[in-house]
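The values are calculated or read from the model by the stated rules, or taken from the named source; none is laboratory data. Note that the coordinates shown come from a computational prediction; the quantities given were computed from them, not determined experimentally. FYI the Cβ positions are ideal-geometry reconstructions off the backbone, even for glycines, and counts take in every protein chain you see. For the accessible areas, the whole protein counts, side chains as well, though only heavy atoms, and no ligand, DNA or RNA atoms are used. Shrake-Rupley method; radii C 1.70, N 1.55, O 1.52, S 1.80 Å.
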Amino acid sequence: MRIAIIDLGTNTFNLLIADKKQDGSFVTVFKNKIPVKLGEGGIDKGVIAPKAYQRGINALENHLKTINEYQTDDYRAFATSAIRSTKNGSDFVKEVYESLDLKIEVIDGAKEAELIFHGVNEIIPFKDTHDLIIDIGGGSTEFIIANKNGISWAKSYQLGVSRLKEVFKPSDPITENEIRKIEQHFESSLADLFEEISKNPCLKLIGSSGSFDTLVDMICFQFDDKKRRNKKYCEIKLTEYDWAQKHIIESDLIERIATPGMIEMRADMIVISVILINYILNKTKIEKIERSKFALKEGALHYYF
């Protein structure tokens, strides 16, 4: 059985096509992500701007063409923050159904966090101790505290990097004063997260896909360790992360784009990603960072099929 999952993220629309084997396992046959930046120019106002709206339609047309070419037996599409939190998100869902015959399931933050956990859990073994999973999206960021028994606590916050970029409009390169303002916003938004971490201490941070993929790519080029790029999960040494975050914060957009391993579409928003990661590291006793290539779409694949 051949199955496809479309994950309509705020920054990218992702497609995963996989074959389900008789033993219930899956083999990936195709993966692709199309940059849409659905939040650009409107997410801070609660709307999908016209150009971003059209980029989203075009990306779905492209993905559906691929699904047809691969003769997929079944497929599902899931939409997250940029669609569920905007005034015209329902219009987008309706237009896609009427023009492309694609039903989009708009999931809430709790379900999004649950599917991310299922994706990460497919490749990273959890133990008795708790780990903190972070999925930094464009519209929202999910924090999940989990161990081998499952999710202990999870919450989705309106702290996506596209959303924050539109709100704070930082300079390039960002200034120390702008960083402090963003950190103050985190301080006022994340009190309940740190309350939960005090109950269930987390010594490991697991970053799922997105910005963490880009960090790994940068680090692999910088430290000549390209084998790590293709691993489903890997460690990011704290010394490596420290180099990456420092470079990102101190550089301007042109310098970041020129950095080996950097994806151009992430070059403007990854600054806010590392400010968030730095804030979490400074507020906790986390001693280790790992990257999971699996996230929502892989979780949906295993959860629904």
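One table, with the values for the structure above:
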| item | result |
| --- | --- |
| So ILE197, is it of a type in the set (Val, Ile, Thr), assigned to a helix (DSSP H, G or I) and more than 20 Å from the chain's Cα centre (by Cα) | yes |
| Selection status of ILE136, within 14 Å of the chain's Cα centre (by Cα), touching a residue at least 40 places away in the same chain (Cβ under 8 Å) and over 18 Å from ILE5 (Cα atoms) | yes |
| Among (1) more than 30 Å from MET1 (Cβ to Cβ); (2) buried (at least 19 other Cβ atoms within 10 Å of the Cβ); (3) among the charged types (D, E, K, R), the one test that GLU264 misses | (2) |
| Residue count, region 211-250 (criterion: in contact (Cβ under 8 Å) with a residue 60 or more places away in the chain, touching a helix residue (DSSP H, G or I) at 6+ places or on another chain (Cβ under 9 Å) and within 22 Å of LYS165 (Cα to Cα)) | 5 |
| Options TYR53, TYR70: the member that is touching a Phe, Trp or Tyr at 6+ places or on another chain (Cβ under 8 Å) and buried (at least 18 other Cβ atoms within 10 Å of the Cβ) | TYR53 |
| Residues being in contact with a Leu (Cβ under 8 Å, 6 or more places away or on another chain) and free of Cβ contacts under 8 Å to residues at least 24 places away in the same chain - total across region 17-43 | 3 |
| Filtered residues of region 10-58 (kept if among the small types (Gly, Ala, Ser) and either over 15 Å from the mean Cα position of the chain (by Cα) or farther than 25 Å from ALA267 by Cα (or both)) | ALA18, GLY24, SER25, GLY41, GLY42, GLY46, ALA49, ALA52, GLY56 |
| Pairs with Cβ under 8 Å, 6+ apart, first in region 63-75 and farther than 18 Å from THR12 by Cα, second part of a loop (DSSP other than H, G, I, E, B) and open to solvent by 30 Å² or more (accessible area, probe 1.4 Å) | ASP73/MET1; ASP74/MET1; ASP74/PHE305 |
| Of all residues in region 90-148 being assigned to a helix (DSSP H, G or I) and polar (S, T, N, Q), the one that is surrounded by the most Cβ atoms within 10 Å (Cβ to Cβ) | ASN121 |
| Residue match in region 76-86 (condition: without any contact (Cβ under 8 Å) to a residue 12 or more places away in the chain, open to solvent by 30 Å² or more (accessible area, probe 1.4 Å) and not aromatic (Phe, Trp, Tyr)) | no |
| Qualifying positions in region 267-305 - hydrophobic (A, V, I, L, M, F, W, C), open to solvent by less than 30 Å² (accessible area, probe 1.4 Å) and not in a loop (DSSP other than H, G, I, E, B) | ILE270, VAL271, ILE272, VAL274, ILE275, LEU276, ILE277, ILE280, ILE289, LEU296, ALA300, LEU301 |
| Checking GLU166 against (1) in contact with a helix residue (DSSP H, G or I) (Cβ under 8 Å, 6 or more places away or on another chain); (2) open to solvent by less than 60 Å² (accessible area, probe 1.4 Å); (3) at pLDDT 95 or above, the condition it does not meet | (3) |
| Any chance GLY46 is surrounded by 19 or more Cβ atoms within 10 Å (Cβ to Cβ) and touching a residue at least 12 places away in the same chain (Cβ under 8 Å) | no |
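Each row is one residue, and each column tells you yes or no for (1) over 14 Å from the mean Cα position of the chain (by Cα); (2) at pLDDT 95 or above.
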| site | (1), (2) |
| --- | --- |
| SER251 | yes, yes |
| ARG256 | yes, yes |
| ILE270 | no, yes |
| ILE277 | no, yes |
| ILE286 | yes, yes |
| GLU298 | no, yes |
| HIS302 | yes, no |
| PHE305 | yes, no |
